[in-house]
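The values are calculated or read from the model by the stated rules, or taken from the named source; none is laboratory data. The structure presented is a predicted model; accordingly, all values stated were derived computationally and were not measured. We place every Cβ from the backbone using ideal geometry, glycine too, and count neighbours over all the protein chains shown. What goes into the accessible areas is simple: the full protein's heavy atoms, side chains included, and nothing from ligands, DNA or RNA. Shrake-Rupley method; radii C 1.70, N 1.55, O 1.52, S 1.80 Å.
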Amino acid sequence: MHRNVDHSLTGKIGRVTGRIGPGTIGEVMLPYRGGTSAFHAYPFDKSSEYPVGEKVLVIYFEPPQTVYVDELPEELRESWPAPG
């Protein structure tokens, strides 16, 4: 059990920059410490796949650079900025 869980990225929305799927190490760009950083990413449910460009929601952050992500709920898709 993790005693000192870091929730600083939980609930953040990111964009997939390296395909996320079971058995692979994906990548997602997230707002972090006043900028944007790349994080290793895995599907939270261990079975979903997210292609490059997909928006995802961080469910769990494992420092220093790993996140577990899930599909972005439809309600949040409309409010997140379009790629520019």
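General observations
- Shape of the range 9-53, Cα gyration tensor, a/c cut at 1.5: prolate
- From the coordinates shown, Rg/Rh (Cα atoms, Kirkwood Rh) corresponds to which of (i) 1.07; (ii) 0.95; (iii) 1.01: (ii)
- HN-Hα J in Hz across the range 71-77 - Karplus 6.51, -1.76, 1.60, θ = phi - 60°, x for Gly and Pro: 4, 6, x, 3, 4, 8, 4
- A Förster radius of 22 Å, combined with the Cβ-Cβ distance separating Glu49 from Thr10, puts the computed FRET efficiency at roughly 0.55.
- Neighbour-limited loop hits for trypsin sites (Lys or Arg not before Pro), the range 8-84 (at most 14 other Cβ within 10 Å; DSSP other than H, G, I, E, B): Arg33, Lys46
- Solvent-accessible surface (1.4 angstrom probe) belonging to Val56, in square angstrom, nearest 10: 0 Å²
- Accessible area per residue in Å² at 1.4 Å probe, computed on the chain: 64 Å²
- When Val69, Val52 are compared by accessible area at a 1.4 angstrom probe, the order from most to least is Val52, Val69.
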